[in-house]
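Peer 1: Right, I'll just put the structure down here and ask away after.
Computed from the coordinates by the stated procedures, all read-outs in this text should not be read as laboratory data. Only a predicted model underlies this, so the values are computations on that prediction, with no experimental measurement involved. All Cβ positions, even for glycine, are placed from backbone atoms using ideal geometry, and neighbour counts span all protein chains on display.
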Amino acid sequence: MQYQPIDLTNLRLLSLADRKSKVSASDFAQAPVAGQSFAQFVDGLPNILFGQDFRAVVAAIAAARCGRRPVIFGLGAHVIKCGLSPVLIGLMERGIITSIAMNGAGSIHDVEIALAGQTSEDVAAGLKDGAFGMARETGELIHQAMADAGPDVGLGLAIGRRLLRVPAPNPHLCLLATAARLEIPATVHVALGTDIVHMRAGAGGAEIGQASFTDFRLFTAVVTDLSGGVYLNAGSAVILPEVFLKAFTIAQNLGAHLRDFTTVDLDMISHYRPTVNVVRRPAAAGGRGFSLNGRHEILLPLLASAVLEKLEQCHDAV
């Protein structure tokens with residue numbers, strides 16, 4: 001069969017004014033001006049895609065604290081290695097972050113900053129002679145913290161309390177020590193065999209497992225109160241998204257009926273488990289979920305500053 005070029009004469013056209021469009025000039029960014037305030041910078045972001053989502057997350061965090069609802073911050077070790085502990089500690093001290101959770105690697109970097117003011121070794125170099133992960137003080141403090149606290153205290157609180165007692169030069173840069181000082185929940189969620197402190201004669205699987213399981217139960221109690229609040233996952237691609245989903249399930253099973261909450265994943269790229277277990281599945285049960293992609297060392301300070309500006313509008317904020 002032979003085809004001829006189609007005749008376009010009878011196409012039905014419509015007015016641009018009547019067509020539904022996804023982008024409006026009213027949503028465009030404002031040109032920056034030298035010397036403008038940070039609030040003006042945020043107001044000048046485009047109300048499109050991540051610009052819109054960023055504003056929504058800022059508003060959700062501010063609304064949660066204005067309404068005295070929880071803001072739970074879950075983080076992987078990368079957040080600490082990017083030098084962001086002071087940003088999070090500032091939010092903890094202002095009562096904006098009401099609870100923190102981290103994986104086992106996060107607790108290690110937190111401890112090393114407190115003890116020595118430095119962390120994150122050259123893994124490849126250390127593998128050549130087996131020196132990787134063999135820093136004495138890190139394992140000693142964590143294992144002694146568990147021994148001092150006993151079987152009924154979670155790992156996060158045990159480490160935090162220990163760091164407040166020993167002569168550590170940088171407890172003011174330590175998330176777990178700050179949480180212990182402020183008496184806010186701080187939990188550590190360990191996968192056995194994944195952390196350098198497990199490569200020691202002094203490591204006990206039963207003790208580590210019990211302390212981390214106590215923290216799982218504590219974290220679940222915190223998640224049970226999530227209605228109206230916010231859960232943020234920053235830089236944990238596997239452990240915390242899985243822990244959060246299980247905690248969320250237990251809360252619902254026990255009758256929490258979680259609703260009107262916001263979940264947020266903050267990472268450099270989108271990963272499967274945070275996208276599904278933090279953003280999509282819980283949101284479908286009664287909340288909203290957002291993914292904000294970007295470098296932690298830039299995105300988190302921007303978010304923290306924007307929240308502080310937003311809370312200036314809430315006179316009864318904590």
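Peer 1: How tilted is helix 136-149 with respect to the longest principal axis of the chain? Cα atoms for both, answer in degrees (0 to 90, nearest 10).
Peer 2: In the chain, helix 136-149 runs at an angle near 80 degrees to the longest axis.
Peer 1: Per DSSP H run of n ≥ 4, the term is -39500 (n - 2.57); total these for the chain, divide by its residue number, and report the mean residue ellipticity at 222 nm rounded to 500 deg cm²/dmol.
Peer 2: Rounded to the nearest 500, the figure is -13500 deg cm²/dmol.
Peer 1: All other residues with a Cβ under 9 Å from the Cβ of T119 taken together, and with Lys, Arg as +1 and Asp, Glu as -1, what is their net charge?
Peer 2: -2
Peer 1: Let me ask you something else. 7 Å from Cα along Cα→Cβ at both N170 and A116: what's the point-to-point distance in nm?
Peer 2: In this crude spin-label approximation the distance works out to 1.1 nm.
Peer 1: Sticking with this one: What is the Cα convex hull volume of segment 1-111 when expressed per residue in Å³?
Peer 2: For segment 1-111, the hull spanned by Cα atoms encloses 293 Å³ per residue.
Peer 1: Pairing the Cα long axis of helix 239-253 with the longest principal axis of the chain, what angle in degrees results, from 0 to 90 and rounded to the nearest 10?
Peer 2: For 239-253 against the chain, the angle is about 80 degrees.
Peer 1: Given C-alpha coordinates of segment 41-182, what is the ratio Rg to Rh with the Kirkwood estimate of Rh?
Peer 2: 1.06
Peer 1: How about segment 1-38: which chymotrypsin sites (Phe, Trp or Tyr not before Pro) there lie in a loop by DSSP and see at most 16 other Cβ atoms within 10 Å?
Peer 2: Y3, F28
Peer 1: Here is a further query. For the Cα atoms of the chain, what angle does the longest principal axis make with the long axis of helix 155-165, in degrees from 0 to 90, nearest 10?
Peer 2: 60 degrees
Peer 1: Could you work out the Rg to Rh ratio of the chain, with Rh taken as the Kirkwood radius (inverse of the mean 1/r over all Cα pairs)?
Peer 2: Result for the chain is an Rg/Rh of 1.09.
Peer 1: List the trypsin sites (Lys or Arg not before Pro) within segment 1-96 that fall in a DSSP loop (any state other than H, G, I, E or B) and whose Cβ has at most 15 other Cβ atoms within 10 Å.
Peer 2: R12, R19, K20, K22, R68, R94
Peer 1: Mind jotting down the distance between the C-alpha centroids of segment 11-28 and segment 255-281, whole Å?
Peer 2: Result: 33 Å between the Cα centres.
Peer 1: Return, in residue-number order, each cysteine of the chain whose C-beta is not under 4.7 Å from any other cysteine's C-beta.
Peer 2: C82, C174
Peer 1: Grab the other residues whose beta carbon is less than 14 angstrom from that of G44, score K and R as +1, D and E as -1, and report the net.
Peer 2: Result for the neighbourhood of G44: -2.
Peer 1: Short version: what are the Cα gyration tensor semi-axes of segment 118-189, square root of 5 times each eigenvalue, largest first, in whole Å?
Peer 2: Those come to 25, 14, 11 Å.
Peer 1: Can you tell me the length gained on complete extension of the stretch R19 to Y272, counting 0.36 nm per residue apart and subtracting the Cα distance?
Peer 2: 87.5 nm
Peer 1: Still on this structure, I have one more. May I ask for the net charge around R273, where only other residues with Cβ less than 10 Å from the Cβ of R273 are counted and Lys, Arg are +1 while Asp, Glu are -1?
Peer 2: Cβ neighbours under 10 Å give a net charge of -2.
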